[in-house]
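Taking it in order: structure first as structure tokens, then the write-up.
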Amino acid sequence: MAMTFEERLNQILPKMSSDDFLNNNGLGNEIGFWIFDYPPEREMEMRDFLTRTVLSSLHKSQPPIQAGIINLFDLVIQLLEDRKLLDKAIDMQQAKGDKAVMAALRQVLKEDKLAQKIVSLVDLDRVDVLILWGVGSAYPMVRTHTLLSALHPLMGRTPLLMFYPGLYDGYSLRLFNKLSEDHYYRAFRLVPEVQ
């Protein structure tokens with residue numbers, strides 16, 4: 001029987017605080033990359049639950065869970081602002097369209113560079129988990145399957161949890177339940193729809 005969205009939300013904290021999650025147990029030498037996929041139309045509820053419940057409760061766990069938290073959209077905006085490209089990108093998008101601005105920003109926003117930036121922002125030796133969110137807002141500037149692949153060799157034994165507005169079936173990611181990305185099969189669903 002399929003769980004409701006609310007029932008799936010209520011499974012996040014117990015899963016994240018389990019020894020299996022935090023220690024990558026039972027994954028057969030795989031890195032602990034986890035995806036919590038959810039209906040894109042529930043984005044605002046997901047954000048609210050993530051910020052009010054999940055993030056505020058991690059430090060109350062016993063022992064407390066230290067999380068590195070990255071909003072991909074905020075990271076992209078910050079990188080563009082740091083390089084004084086944000087206003088130029090907005091002007092270019094209005095004058096020349098999406099394709100032109102995406103081509104111009106490609107080198108700045110390459111996923112391998114973003115992965116390096118993420119790792120530089122989070123001390124992986126001091127956190128128990130890295131949480132990525134803001135994935136939908138960062139599209140099409142960031143491709144999640146490519147970013148996850150770039151993060152694999154950098155994460156060591158630190159688990160990663162990505163909140164994903166779309167479908168992940170264990171083989172491929174479908175952002176917004178519509179856009180098909182390349183196959184990605186190295187992550188596990190944090191909470192399956194069926195138990």
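Every number in this text was worked out from the coordinates using simple rules, so none of it is lab data. Only a predicted model underlies this, so the values are computations on that prediction, with no experimental measurement involved. Ideal geometry is used to build each Cβ from the backbone, glycine not excepted, and the neighbour counts take in all protein chains shown.
Report, in debye and to the nearest 20, how large the dipole of the range 5-189 comes out about its Cα centre when Lys and Arg carry +1 and Asp and Glu carry -1 on their Cβ.
420 debye
Would you please report the Å³ per residue occupied by the convex hull of the alpha carbon atoms in the range 114-195?
Taking only Cα atoms, the range 114-195 has a hull volume of 99 Å³ per residue.
Give me the one-decimal nm value for the distance between modelled label points at A95 and K113, 7 Å along each residue's Cα-to-Cβ direction.
Calculated label separation equals 2.1 nm.
On a C-alpha basis, how far is the centre of the range 146-160 from the centre of the range 56-72 in Å? Whole number, if you could?
If we compute the Cα centre of each part, the gap is 18 Å.
For the chain, what are the DSSP H helices with axial Cα length of 27 Å or more and mean Kyte-Doolittle hydropathy of at least 0.5?
none
Would you calculate, for the chain, the mean residue ellipticity at 222 nm contributed by helices, counting each DSSP H stretch of 4 or more residues as -39,500 (n - 2.57) and dividing by all residues, to the nearest 500?
The helix contribution divided over the chain gives -11000 deg cm²/dmol.
Give the peptides 128-141, 48-61 in descending order of average Cβ contacts within 10 Å, highest first.
Averaged packing, sorted descending, gives the order 128-141, 48-61.
Taking the alpha-carbon distance from K84 and a cut-off under 27 Å, which lysines remain once sequence neighbours fewer than 8 residues away in the same chain are dropped?
Within reach: K96, K99, K110, K113, K117.
May I ask you to work out the translational diffusion coefficient for the chain at 20 °C, viscosity 1.002 mPa s, via Stokes-Einstein with Rh from the Kirkwood sum over Cα pairs, reported in whole µm²/s?
After rounding, the answer is 123 µm²/s.
Using modelled amide H (1.01 Å from N, peptide plane; none on Pro or chain starts), what sits under 5 Å from the amide H of I69, excluding residues fewer than 5 places away?
The list, which skips near neighbours in sequence, is I131.
For L85, which sequence-distant residues (separation of 5 or more, or a different chain) have an amide H within less than 5 Å of its own amide H, given hydrogens modelled in the peptide plane?
Here the answer is none, since no amide H 5 or more places off falls under 5 Å of that of L85.
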